[in-house]
Amino acid sequence: MNTALVPIGVIHSPFQDKEACPIQPVFAAEAEGRVEVFEEFAAGLQDVETFSHLYLLYLFDRSGEIKMVRPTFLDDAPHGIYASRHPCRPNGIGLSASEGWFQGKEWRQKPGGRE
């Protein structure tokens with residue numbers, strides 16, 4: 001099966017290569033990035049400020065060679081990549097829960113009854 005994904009934007013990060021990226025977000029709490037949503041998809045952000053977090057799906061574009069079993073960042077013993085957070089995966093898809101990136105929008109309560 002083949003699936004095509006259409007990018008709706010770009011995530012900009014201060015990290016230029018995978019060696020500079022932290023293995024966990026807690027190790028780079030001060031780092032700031034930004035999400036750029038392409039103009040043709042911007043209307044989809046209407047009312048986004050009523051949510052505390054957004055899920056960002058992205059492609060690891062600089063992850064490196066794909067190996068199904070490899071040492072992880074915190075362990076020299078090899079593990080299957082699905083038993084780790086290693087970015088070198090066959091499909092290269094990543095997932096992050098992000099908060100606080102809503103530039104120019106203040107968080108607001110959802111209207112009652114809209115959970």
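Nothing in this text is a laboratory measurement; each read-out follows from the coordinates by a stated rule. All figures in this text were calculated on a predicted structure; none of them were measured in a lab. All Cβ positions, even for glycine, are placed from backbone atoms using ideal geometry, and neighbour counts span all protein chains on display.
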Where Lys and Arg each count +1 and Asp and Glu each count -1, what net charge lies around PRO14 among other residues with Cβ under 15 Å from its Cβ? -2
Find the relative contact order for segment 9-98 and round it to a whole percent, using C-alpha pairs within less than 8 Å whose residues are 6+ positions apart. 28 percent
Within segment 54-89, whose backbone N sits under 19 Å from a point 7 Å along Cα→Cβ of ILE8? 54-60
Answer with one residue from PRO22, VAL35, ALA97: the one whose Cα lies farthest towards the positive end of the charge dipole of segment 9-98, charges on Cβ with Lys, Arg +1 and Asp, Glu -1. PRO22
Which number do you get for Rg(Cα) / (2.2 N^0.38 Å) in the chain? 1.28
How big is the dipole moment of segment 9-98 about its Cα centre under a simple scheme where the beta carbon of each Lys and Arg is +1, that of each Asp and Glu is -1, and everything else is neutral? Debye, nearest 20, please. 460 debye
Two-site FRET efficiency, PHE38 against LYS18, from Cβ-Cβ distance with R₀ of 30 Å, rounded to 0.05: 0.75
